[in-house]
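Asker: Below you will find the structure I want to go over with you.
Each value in this text was obtained by applying a stated rule to the coordinates, not by laboratory testing. Keep in mind that what you see is a predicted model, and the values were worked out from it rather than measured. For neighbour counting, all protein chains shown are included, and Cβ atoms are generated from backbone atoms with ideal geometry for every residue, glycine included.
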Amino acid sequence: MGLLAIIICGGAALACALLVILSRNTVHSALWMVGNCLALAVLFLLLNSQFIAILQVIVYAGAIMMFIIYAIMMLNLREAGEDEFRKSLLSGRFIVLFLFMICLLALGLGLSPMALKGEMGPHSLAKFGEVNLIANYIFVQGIAAFELVSVMLTAAVVGAVFLARRD
Amino acid sequence: MNDYQSVYLALSVILFSIGALGVILRKDAIVVFLCIEIMLGAVNLAFVVFSRANQSAEGLFMVMCIMAVAGAEAAIGLAIFVLLYRKTGTINIDKFNLLKW
Amino acid sequence: MKFDLVWLIPIFPLAGVLINGLLGRRIEQKNKSLVHWIACGAVGLSFVVTLGLFFKLLGLPADKRLYDFAWFPWISSGVFHVGVGYQIDPLSMFMCMFVTGVGFLIHVYSIGYMWHDEGSYSRYFTYLNLFMFSMITLVLADNFLLMFLGWEGVGLCSYLLISYWFSDLANAVAGKKAFVTNRVGDFFFAVGILLLLVHLGAHGIWSLNFSVVFAHANLLSPHLVTIICLLFFLGCTAKSAQIPLYIWLPDAMAGPTPVSALIHAATMVTAGVYFIARCNVLYSMSPFAMEVVATVGALSALLAASIAVTQNDIKKVLAYSTVSQLGYMFLGLGVGAFAAGLFHVLTHAFFKALLFMGAGCVIHGMGGEQDMRNMGGLRKRMPVTFYTMMIATLAVIGFPGFAGFFSKDGILWETFSGAHGSYILWLIAVLTAAMTAFYMFRLIFMTFFNECRASEEVQKHIHEAPKTMTVPLMVLAALSIFGGYIGVPESLGGSNLVERFLRPVFGLGKDKLLQSAGGPGLIHRAVSETAAHQSFSTEIQLMFLTAMMVLAGIFAAYMLYMKKRSVPETLAANNPSFYRLLLNKWYVDELYEKVFINPLRSISFFLWKGIDVVVIDGMVNSTAAFFMKCGSAWKASQSGYVQRYAVSFLVGVFVLIAYYMYVR
């Protein structure tokens, strides 16, 4: 059942990602992106990372995607002009790039056995991904980094307001 | 027990490649931005897999940091797009070569 | 007064330079006369200090008259040390006395001459003070290098002052000519110093101090000494305007007349004479170099006198006369009569400065006119100038009783009888004396006698010069008469104070001379001291002969320029080629132009167009072009489009990952 779930969710994520880059309409791209995020969230759940999965839904699918769609609405982008993209898919450049991606894929696959030293054993599976495990890490070991991240977010908000204001 | 790590990682790599492809090929700045988000998602997936494999919370923490960066990036990036659109009336990134002196 | 105060002598003019040079413009606007008070005061103070030291020196016994004041170290490199130091001995004091004294008088004279000039008053006096500083450094220096500094300094000031009215192209060109000609000489001079340093250094004597060098001169081989002496002499021919480098001096008359008097008659041009006298030890070791000096001196004297006969520009005549008189001095040095040569330097400083200043008064009075053909009859209008110039003329031609007579006679007698003398040189010298009498009286007759040939306007304007100009004239006139009596030769019952005073300096050289006398291949006759004492009657006879020649010269001038004034024209018309040869100064300038300057110019042109433009510029430009090509080739990579950068970024990441995956 595990593998089937992985294939279904993974296939959905891949299909959504492809549709993001292939659809002509920007709004459609954004909506396919939401699908991609949701598929990823399910994959996180399959990996027993409930907290991350919830964050993925709330932050990505909820906040960031709404933000993007809102921006698209504001910009009122209606012009097409993306026809050359379809043509370029068939052009030599695309093929070269595709080969490059295949190489990367091969690299990634070659990488995996090296990176995975330990087995994902069942002993701690039940506990893994629980909030208190992450909280323990965040507020004990990674407290400084966590605070810095909060500073960065504040700076980003201030910067965004500063940039987008009307003079 | 093998938890299909290779499948997860392959999925992550393909997602990353699709994202990179979009970043390179699409001309619409917003779509390029979306593709970057796809790439970040792929990386997140890989981090979670590694984290589980090593029985460590560090990977999960990384994922949270990446999400924060993505959020910040969305805020700043979209603000820049709005600004560019206001100034030039387009966000086709082939129209901008400001990096060239 | 202590000898350690010698540094005051050069410091006063230097202070004058700094004050007038840095603040002169402001001082001039506030109070113009303050400028000359500073300048003249500085030189006057120097003169006073010199006088004090001079009398202190006189108070010492003859063999103690040497003091070396080491002021501060200048160059210190390993074993080689050169300091700034001043040497006080009879020779340097002798020079310093008349340099500061005559210099002071000419400074005073300049006040009257330059007061109404439109140029910058303070700039003029700054240059003049700078010259005094350099000249004092030159004569007081205790080592070759410091002396060379002064040597170059006076050359620079000469250049600056010749082109003082630089807005006129001719003046600028004259200054340039003087400068370049002097550079030629200075080059050889510097080579001489370096040769001396290197070869003495080979014997472990890394010093350029005069006393050290001369004490160890025996270590050098005779050939080397000859080479060094000839190199030095080439430098001296440029500075002192002798064949072959005299050509700049007549052109140098483009400068203000007081400058001609100070630099190009009285002081700077005698630097060469001073230097050879200073190096008498070296020269005495090389009979050949002595002979060269004597021959060049005699030939210069004759050549310059022959040119002076035909010149019409009053200052040009005096300039050639200067070259001629300097030739006498070198003749004297060359035959071993160092004291007589220097005595002539002194008297020449008096009467030639006077002549130039008198000429300056004439030019001043005539409103800038320099051509003698447009003068005449000035005797009544400018009496002071006339009488003082008359005295100077009698002095320069060696009329018995005047200063020039004694000094010139000393040289002639040594040429005739000295160990290194010869009859031929003596004959040339006497002939030159007659010619000097002729052209000087030609100048006097054309300028001061007969009717005035100037235009009406100029005639109305003619006036005697102001007091500041005439007083120095009178002082110098007195010196031109009585200055000679300090060197009356023993044959005339005098005691020749000059020679006695300078004997400590030349003693060593004289000894060497007597040793070398009788060496192979020389035209000279050894005369022992006792024999010389018995030849007084010969000396007096020769004096008489010279005086006769001089009188003949005066008489010829009188006949040609007072009585039968048509004769010169007919003479010139009957011998057109000879006359033109003399008028055009033997075509020496043209010869140099053809032989040296034109080839040099074409070489320079080749170096410019061929080497510089093609090779050097080509290298530089093609280097630049190469990098521009490289730049344009790489330019495509910097398109400014984000996506292209992203592609290269991805490629780089791929390469890095591949490296770590498969290679490491």
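Asker: Could you point to the residue in C:G398, C:F506, C:Q370 farthest towards the positive end of chain C's charge dipole, with +1 and -1 charges on the Cβ of Lys/Arg and Asp/Glu respectively?
Answerer: Farthest towards the positive pole: C:Q370.
Asker: By the gyration tensor of its Cα atoms, with a ≥ b ≥ c the square roots of the eigenvalues, what is the shape of segment C:50-150: rounded for a/c under 1.5, prolate for a/b over b/c, or oblate?
Answerer: Oblate, since a/c reaches 1.5 and b/c is not below a/b.
Asker: Just list whichever of C:K352/C:K563; C:K408/C:K564; C:K177/C:K594; C:K609/C:K629; B:K27/C:K629; C:K177/C:K316 have alpha carbons separated by over 22 Å in the model shown.
Answerer: The answer is C:K352/C:K563; C:K408/C:K564; C:K609/C:K629; B:K27/C:K629.
Asker: I would also like to ask the following. Assuming a ≥ b ≥ c are the square roots of the Cα gyration tensor eigenvalues, decide whether chain B counts as rounded (a/c under 1.5), prolate (otherwise, with a/b larger than b/c) or oblate.
Answerer: In terms of gyration-tensor shape, prolate.
Asker: Follow-up question, since we're still on this one. Can you pull the one-decimal nm distance between simple spin-label points at C:N450 and C:Y587, each 7 Å off the Cα toward Cβ?
Answerer: The answer from the label model is 3.0 nm.
Asker: Okay, moving on. Using the number of other C-beta atoms within 10 angstrom as an exposure proxy, rank B:E37, C:E451 with the fewest first.
Answerer: C:E451, B:E37
Asker: Take the alpha carbon atoms of chain C, find their radius of gyration, then divide it by 2.2 N^0.38 Å using N residues; give the quotient.
Answerer: For chain C, the normalised Cα radius of gyration is 1.15.
Asker: Sticking with this one: Residues of C:629-640, mean number of Cβ from any other protein chain within 10 Å of their own Cβ, rounded to a whole number?
Answerer: Averaged over the peptide's residues, the number is 1.
Asker: Let me ask something else about it. If you rank C:L656, C:L473, C:L34 by fewest surrounding Cβ atoms within 10 Å, what's the result?
Answerer: Arranged by neighbour count, lowest to highest, C:L656, C:L473, C:L34 become C:L656, C:L34, C:L473.
Asker: If you average the C-alpha positions of segment C:285-337 and of segment C:397-427 separately, how far apart do those two centres end up, in angstrom?
Answerer: Each part reduced to its Cα centre gives a spacing of 13 Å.
Asker: Could you check how many percent of all C-alpha pairs in the protein assembly as shown are farther apart than 53 Å? Can you show the working numbers first?
Answerer: Details: 201966 of 433846 pairs.
Pairs farther apart than 53 Å: 47 percent.
Asker: Among the lysines, select those whose C-alpha is under 26 Å from the C-alpha of C:K64, and discard any that sit fewer than 8 residues away in the same chain.
Answerer: C:K2, C:K56, C:K510, C:K512
Asker: Lysines within cross-link reach of B:K87: Cα-Cα under 17 Å, excluding same-chain residues under 8 positions apart?
Answerer: Reachable lysines: B:K95.
Asker: Order of C:202-215, C:596-609 by packing, highest average Cβ count within 10 Å first?
Answerer: Highest to lowest by the protection proxy: C:202-215, C:596-609.
Asker: Could you order peptides B:73-79, C:550-556 by the average number of other Cβ atoms within 10 Å of their residues, highest first?
Answerer: Packing proxy ranking, top to bottom: B:73-79, C:550-556.
Asker: Classify segment A:1-80 as rounded, prolate or oblate, taking a ≥ b ≥ c as the square roots of the eigenvalues of its Cα gyration tensor: rounded when a/c is under 1.5, otherwise prolate if a/b is larger than b/c and oblate if not.
Answerer: Verdict is oblate for segment A:1-80.
Asker: Measuring from centroid to centroid over Cα atoms, what is the spacing of segment C:158-232 and segment C:43-95 in Å?
Answerer: Centre-to-centre distance over Cα atoms comes out at 21 Å.
Asker: Please compute, for peptide A:12-18, the average count of beta-carbon atoms on other protein chains lying within 10 Å of each residue's beta-carbon.
Answerer: Counting other chains' Cβ atoms within 10 Å and averaging over A:12-18 gives 5.
Asker: Inside 10 Å of the C-beta atoms of A:63-74, what's the mean count of C-beta atoms belonging to other chains?
Answerer: Working: counts 4, 10, 3, 0, 4, 8, 1, 1, 10, 4, 0, 4.
The shielding value for this peptide is 4.
Asker: Let me ask something else about it. Rounded to whole Å, give me the distance from the Cα center of segment C:554-619 to that of segment B:28-68.
Answerer: Cα centroid to Cα centroid, the span is 95 Å.
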